[in-house]
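Written out below as structure tokens is the structure these notes cover.
The values are calculated or read from the model by the stated rules, or taken from the named source; none is laboratory data. Just so it is clear, the model here is predicted, and its values are computed rather than measured. Please note that ligands, DNA and RNA were not included when accessible areas were found on the heavy atoms of the full protein model with its side chains. Shrake-Rupley method; radii C 1.70, N 1.55, O 1.52, S 1.80 Å.
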Amino acid sequence: MADATLIMRAELYREADDTFSVEIVDPNTGTSERQPIPAQYAAMLPQVIAMLK
């Protein structure tokens, strides 16, 4: 298997009001952008997080 190349990093945040946001970091430029996750997708996140742990 060839060496992997990082193309994007995403950080998931649970906000104080129990909503979720995601911060996308571009390792090539060092820039980042944080956006809220729409409610219809955020409702599934606790289950997804539990499966990943």
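Roughly speaking, to the nearest percent, how much of the chain's 1.4 Å accessible area is carbon and sulfur?
On the way: 2690 of 4610 Å².
Exposed carbon and sulfur together represent 58 percent of the surface.
Work out, step by step, the length gained on full extension between residue 3 and residue 15: first 0.36 nm times the residue separation, then minus their alpha carbon distance; give nm to one decimal.
Details: separation 12, 0.36 × 12 = 4.32 nm, distance 3.49 nm.
My answer for the length gained is 0.8 nm.
Defining a contact as two alpha carbons under 8 Å apart and six or more residues distant in sequence, what relative contact order in percent does the chain show?
25
Which of the following values of Cα extents along the principal axes in Å was calculated from the structure shown: (i) 66, 26, 17; (ii) 36, 18, 10; (iii) 38, 27, 17?
Answer label, from the structure shown: (iii).
Ignoring everything except DSSP H segments at least 4 long, calculate the 222 nm mean residue ellipticity for the chain; use -39,500 (n - 2.57) per segment, divide by total residues, nearest 500. Can you show the working numbers first?
On the way: 2 runs with 12 residues, N = 53.
Taking each H run of at least 4 residues, the total per residue is -5000 deg cm²/dmol.
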